[in-house]
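*Asks:* First the structure, which I've put down as structure tokens, then a few questions once you've had a look.
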Amino acid sequence: MKTKIAIIGGGMSGLSTTYYLSQNPEYQIDLYEKNANFGGLLGLLTVNGVGFEGYYHHLFKSDKDIIGLIHELNIDHKLLYLPSSVGIHYNSKIYSFSTPKDLLHFSPLPLIDRIRLGFVAIYLQKFVTDKNWKKLAQLSAGNWILKYAGRRAYKIIWEPLLKGKFGEHADSISMAWLWSRLYLRSKSRNGANEELVYLDGGFKLLIDKLLEKLRNKQVNLYTNSDIVEIKPSSKQGLTLQVQKGQTLQYDKIIVTTPNPVFAKLCPSLPAEYTEKLAKVKYRGAMVAILQLKKQFMKDIYWLNVNDPNSHILAVVEHTNFVSPNKYSGAHLLYAGAYPAQTDELMTMNKTDLFELIVKELKKINPKFNKSFVDAHWIFRDKFAQPIVDTNYHNYIPPVKTGIDNLYLVNMAQVYPEDRGTNQAVRDGKSIADKIIFGEY
């Protein structure tokens, strides 16, 4: 008799876990997703017949796990290696901020601070590695930057980004997290310039290919799934209660939801484990996607908005990275923020939110107005960004939950890296291997 396994959550963690487990014919796997479509935070859209993401996505050249999966699925011919361009919007002006030369020309900082910041970047990228980064774990990113890069560099460049990402928690964010972001980006450099990776046709191509493989392996795929409770069975294994009172029995269950959702689904978790889940706090994410008639900003793909009064943290003009010709001439722009879960950006109606986004974009490009916009979409998620503070390493929830054969795999376990699709694939493969080889 086959081992019955349920996987809860159809984002990249759930899809990857399911894919790697499905290679073993001894398993009967059911994958449950609460939404109408699989893909999770990819929030898949179609623009002029081409796949596109609801939350901005690209890959780094160092993202070996997801790039390896793309090769395994035989869609590697769709990989695009493209030059990136970064800018900073500060004091009503856009500055290029992609290369060492751009840093040297960044006039809001005095020359001595630009040189100092350059040496700090070299140190973090060349002398802190995946073997010695733990010395930064309990150090505040803000305090570290203040000490080594100086107050002006912190106030102009780093403080707006930390506060935009983490709000009132900005002062307690771990330097290990900030180091990891800089270190991974450095691995995507080709000399002085950054090169990023995308899929021709969008990540929808990857999701569709995974779903095709899972169907071929007789995996049962359920969308619009309302999971009510997970608990140990009175007989053996685990009980999954779904909508309309239906109860199903499984030998193993893997949950890929955020911590608060998991805690609610499984009230019988050990108290110590539930306490760990609760210690991880989250910021939400709000992303507005605009389909435009014309280009919004020249030459910049990723613009950090370093204005403490702005409601948005980043403007990402996707079609300054991937040609608008791929989308029949449409220009695609993201405006994103990481608000508190109770912030107005997370609660106001979408019509008012769109009006607010237009006002914010007009601050960056005064010529911009609603007549530029052919279509728009808004995505929001309450549990998008764990707050990676200086104690975070002490309360990362383990994969084993304390209930036999019930496991958790989610982005709260990703550390010190920022959460992302590569880590989702890596961790999905890790738990699949451990189950297949009998470690779990």
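*Asks:* Considering only region 120-142, state which residues are of a type outside the set (A, V, I, L, M, F, W, C) and either at pLDDT 95 or above or outside the structural domain of Lys165 (by TED's automatic domain parsing) (or both).
*Replies:* Tyr123, Asn132, Lys134, Lys135, Gln138, Ser140, Gly142
The rows are residues; the columns are (1) touching a helix residue (DSSP H, G or I) at 6+ places or on another chain (Cβ under 7 Å); (2) at pLDDT 95 or above.
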site: Leu206; (1), (2): yes, yes
site: Glu212; (1), (2): no, yes
site: Gln218; (1), (2): no, yes
site: Thr223; (1), (2): no, yes
site: Gln236; (1), (2): no, no
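*Asks:* Among the candidates Leu345, Leu408, Leu361, which residue alone is within 21 Å of the chain's Cα centre (by Cα) and either β-branched (Val, Ile, Thr) or closer than 29 Å to Tyr95 by Cβ (or both)?
*Replies:* Being within 21 Å of the chain's Cα centre (by Cα) and either β-branched (Val, Ile, Thr) or closer than 29 Å to Tyr95 by Cβ (or both) holds for just one of Leu345, Leu408, Leu361, which is Leu345.
*Asks:* So, one more: From the residues in region 149-188 that are hydrophobic (A, V, I, L, M, F, W, C) and outside any helix (DSSP H, G or I), which one is nearest to Pro110 (Cα to Cα)?
*Replies:* Here the answer is Ala149.
*Asks:* Here is a further query. Kindly establish whether Ser84 is crowded, with 18+ Cβ neighbours inside 10 Å and either free of Cβ contacts under 8 Å to residues at least 40 places away in the same chain or in contact with an Asp or Glu (Cβ under 9 Å, 6 or more places away or on another chain) (or both).
*Replies:* When the stated conditions are applied, Ser84 passes them.
*Asks:* Step by step: first the residues of region 239-268, then only those that are surrounded by fewer than 17 Cβ atoms within 10 Å (Cβ to Cβ) and either small (Gly, Ala, Ser) or not assigned by TED's automatic domain parsing to the domain that holds Gly11 (or both), then the one that is modelled with the highest pLDDT. Which residue is that?
*Replies:* In this case the residue turns out to be Ser268.
*Asks:* Return the total of residues in region 32-49 being in contact with a Gly (Cβ under 6 Å, 6 or more places away or on another chain) and β-branched (Val, Ile, Thr).
*Replies:* 0
*Asks:* May I ask you to list the residues in region 357-381 that are under 29 Å from Gly11 (Cα atoms) and surrounded by 15 or more Cβ atoms within 10 Å (Cβ to Cβ)?
*Replies:* Within region 357-381, Ile357, His376, Trp377, Ile378, Phe379, Arg380, Asp381 meet the criteria.
*Asks:* Next up: What pairs come up if the first residue lies in region 19-45 and is touching a residue at least 60 places away in the same chain (Cβ under 8 Å), the second is small (Gly, Ala, Ser) and in a strand (DSSP E or B), and their beta carbons are under 6 Å apart, counting only those six or more places apart or on different chains?
*Replies:* Asp30/Ala6
*Asks:* Go through region 1-10 and give me each residue that's at pLDDT 95 or above and either buried (at least 20 other Cβ atoms within 10 Å of the Cβ) or among the aliphatic types (A, V, I, L, M) (or both).
*Replies:* Ile5, Ala6, Ile7, Ile8, Gly9, Gly10
*Asks:* Filtering region 248-258 down to residues that are of a type outside the set (Val, Ile, Thr) and either out of contact with any strand residue (DSSP E or B) (no Cβ under 8 Å at 6 or more places or on another chain) or in a strand (DSSP E or B) (or both), which residue is farthest from Gly402 (Cα to Cα)?
*Replies:* If we take residues in region 248-258 being of a type outside the set (Val, Ile, Thr) and either out of contact with any strand residue (DSSP E or B) (no Cβ under 8 Å at 6 or more places or on another chain) or in a strand (DSSP E or B) (or both), then Leu248 is farthest from Gly402 (Cα to Cα).
*Asks:* Would you say Ser13 is assigned by TED's automatic domain parsing to the domain that holds Thr239 and farther than 28 Å from Leu333 by Cα?
*Replies:* Judged against the criteria, Ser13 is not a match.
*Asks:* Which one of these does Leu59 not meet: (1) more than 21 Å from the chain's Cα centre (by Cα); (2) modelled with pLDDT of 95 or more; (3) of a type in the set (A, V, I, L, M, F, W, C)?
*Replies:* Failed condition: (1).
*Asks:* Sticking with this one: Go through region 382-401 and report how many residues are touching a His at 6+ places or on another chain (Cβ under 7 Å) and exposed (fewer than 15 other Cβ atoms within 10 Å of the Cβ).
*Replies:* So the answer is 0.
*Asks:* Now for a separate question. If you take the residues of region 214-238 that are exposed (fewer than 14 other Cβ atoms within 10 Å of the Cβ) and of a type outside the set (S, T, N, Q), which of them is farthest from the chain's Cα centre (by Cα)?
*Replies:* Restricting to residues being exposed (fewer than 14 other Cβ atoms within 10 Å of the Cβ) and of a type outside the set (S, T, N, Q), the top hit is Lys235.
*Asks:* In this structure, is Ser107 crowded, with 19+ Cβ neighbours inside 10 Å and of a type in the set (S, T, N, Q)?
*Replies:* For Ser107, the condition - crowded, with 19+ Cβ neighbours inside 10 Å and of a type in the set (S, T, N, Q) - is not met.
*Asks:* Let me ask something else about it. Being without any contact (Cβ under 8 Å) to a residue 12 or more places away in the chain, surrounded by fewer than 16 Cβ atoms within 10 Å (Cβ to Cβ) and under 25 Å from Asp389 (Cβ atoms) narrows it down to one of Ala271, Ala278, so name that one.
*Replies:* Step by step, each of Ala271, Ala278 is checked, and only Ala271 is without any contact (Cβ under 8 Å) to a residue 12 or more places away in the chain, surrounded by fewer than 16 Cβ atoms within 10 Å (Cβ to Cβ) and under 25 Å from Asp389 (Cβ atoms).
The values are calculated or read from the model by the stated rules, or taken from the named source; none is laboratory data. Keep in mind that what you see is a predicted model, and the values were worked out from it rather than measured. A quick note on method: Cβ atoms are made from the backbone with ideal geometry, for glycine too, and the neighbour counts reach across all protein chains shown.
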